[in-house]
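As structure tokens, the structure follows; a few thoughts come after it.
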Amino acid sequence: MTVTPASRRGPGRAPDRIVVLTGAGLSAESGIPTFRDGDGLWERHRIEDVATPEAFDRDPALVLRFYDMRRAAAATAQPNPAHAALARLSHHPGVTLVTQNIDTLLERAGARDVIHMHGRIDGALCAACDHRWTAPAAMAPADPCPACGRPRTRPDIVWFGEMPYHMDQIEQALARAQLFAAIGTSGQVYPAAGFVDFARAVGAETVELNLVPTDDALDRFDASIAGPAGRTVPAWVEGLIGPG
Ligand code: NAD
């Protein structure tokens, strides 16, 4: 099952409204571990220990150390050809780029208006007053908020059990989508995992690009393109908007 929508449409003829959802697989070739693959983050850390509000209440120092490590890893990683291709696509009219990734490799590749539905590793948030600022390399539980002074700072990350950011904006884009693509995501974390169903319900063409097709890809997507994102995404983008 490797029929690409672009091959049916003809190269360089993108639909007017495209929504792209990316996941950890997009950044895998940049050396940032995914969550659920064999050597993924959850093999080494339990979700309950590091990525929930309860974990932060219980042991904020541990949670902040986990994100300090991820911030350092993200800062030294370099965008790969898939980030570069999506950055080019993001400048095309009618494209909405949504990422579950907390790294900023899409921005560093030149992408514009990336919607970070799970937050950003380079951001800090005050849980008391919602003020946001650039996170320092190392965060400490007693760090005061620069705006209100209270020691309630946390990473600007959406933890399991919390509501993802920008859902209204994403749903508006999905409601108008003619093409929906899910790239490098296992489709296990909701609500993002449900975007394909939403897009199909409004009549959008749907395609998955993943290292290997996800379990129910045949049922949920019109097409599935298998292979590493660094190879498949540039070819897919070229099929939509032509060569760069
Ligand atoms: P996931 O780990 O559940 O799934 C990753 C998917 O990418 C898998 O289906 C895997 O087959 C695929 N994949 C692996 N290498 C690939 C490659 N080279 N090319 C194409 N596909 C590849 O990740 P997910 O679906 O994004 O899970 C959602 C959660 O993971 C989100 O909450 C997100 O915030 C978080 N996450 C983000 C990062 C990051 O910021 N880079 C890293 C790990 C996890």
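The values are calculated or read from the model by the stated rules, or taken from the named source; none is laboratory data. Keep in mind the model is a prediction, meaning the values are calculated, not measured. Cβ placement follows ideal geometry from the backbone for every residue including glycine, while neighbour counts extend to all protein chains displayed. These accessible areas exclude ligands, DNA and RNA; they are computed on the full protein's heavy atoms, side chains included. Shrake-Rupley method; radii C 1.70, N 1.55, O 1.52, S 1.80 Å.
Within the stretch 221-243, the set of residues being of a type in the set (A, V, I, L, M, F, W, C) and free of Cβ contacts under 8 Å to residues at least 12 places away in the same chain comprises just one member, 235.
Per-residue answers, yes or no, for (1) hydroxyl-bearing (Ser, Thr, Tyr); (2) not assigned by TED's automatic domain parsing to the domain that holds residue 181:
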| position | (1), (2) |
| --- | --- |
| 96 | yes, no |
| 99 | yes, no |
| 102 | no, no |
| 107 | no, no |
| 111 | no, no |
| 114 | no, no |
| 127 | no, yes |
| 130 | no, yes |
| 133 | no, yes |
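Determine whether residue 183 is near the ligand (Cβ under 8 Å from one of its atoms), under 16 Å from residue 85 (Cβ atoms), touching a Leu at 6+ places or on another chain (Cβ under 6 Å) and not polar (S, T, N, Q).
Values: near the ligand (Cβ under 8 Å from one of its atoms): yes; under 16 Å from residue 85 (Cβ atoms): yes; touching a Leu at 6+ places or on another chain (Cβ under 6 Å): yes; not polar (S, T, N, Q): yes.
Spelling it out, residue 183 is indeed near the ligand (Cβ under 8 Å from one of its atoms), under 16 Å from residue 85 (Cβ atoms), touching a Leu at 6+ places or on another chain (Cβ under 6 Å) and not polar (S, T, N, Q).
Spot the failing condition for residue 194; the list is (1) more than 14 Å from the ligand (Cβ to nearest atom); (2) out of contact with any Lys or Arg (no Cβ under 8 Å at 6 or more places or on another chain), and only one is missed. Result: residue 194 fails condition (1) only. Look at the stretch 54-72: where a residue is within 15 Å of residue 143 (Cα to Cα) and in a helix (DSSP H, G or I) and a partner is open to solvent by less than 30 Å² (accessible area, probe 1.4 Å) and of a type in the set (Gly, Ala, Ser), sitting 6+ places away or on another chain with Cβ atoms under 6 Å, you get 63/55.
Taken across the stretch 211-224, residues that are under 15 Å from the mean Cα position of the chain (by Cα) and not aromatic (Phe, Trp, Tyr) do not occur at all.
Among the listed residues 157, 121, 115, identify the single one that is touching a helix residue (DSSP H, G or I) at 6+ places or on another chain (Cβ under 7 Å), within 24 Å of residue 78 (Cβ to Cβ), in contact (Cβ under 8 Å) with a residue 60 or more places away in the chain and surrounded by 14 or more Cβ atoms within 10 Å (Cβ to Cβ).
On the way: 121 fails: in contact (Cβ under 8 Å) with a residue 60 or more places away in the chain; 115 fails: in contact (Cβ under 8 Å) with a residue 60 or more places away in the chain.
After ruling out the rest, the residue left standing is 157.
Checked against the criteria, residue 177 does not count as within 16 Å of the ligand (Cβ to nearest atom) and open to solvent by less than 40 Å² (accessible area, probe 1.4 Å). Selection of first residues in the stretch 201-219 that are closer than 17 Å to residue 236 by Cβ and of second residues that are of a type in the set (D, E, K, R), restricted to Cβ pairs under 6 Å at least 6 apart or on distinct chains, gives the following pairs, ordered by first then second residue: 205/222; 206/200; 206/222; 217/208.
Residues that are of a type in the set (S, T, N, Q), at least 2 per element: which helices (runs of 4 or more DSSP H) completely within the stretch 81-199 meet that? Steps first, answer last, please.
Working: elements: 81-90, 105-108, 167-176.
Where helices (runs of 4 or more DSSP H) fall fully within the stretch 81-199 and carry at least 2 residues being of a type in the set (S, T, N, Q), they are 167-176.
Among the numbered conditions (1) modelled with pLDDT of 95 or more; (2) loosely packed, with under 13 Cβ neighbours inside 10 Å; (3) more than 16 Å from the ligand (Cβ to nearest atom), the only one that residue 145 does not meet is (2).
Collect the residues in the stretch 202-221 that are in a strand (DSSP E or B) and either within 15 Å of the ligand (Cβ to nearest atom) or open to solvent by 10 Å² or more (accessible area, probe 1.4 Å) (or both), keeping them in residue-number order. The answer is 205, 207, 208, 209, 210.
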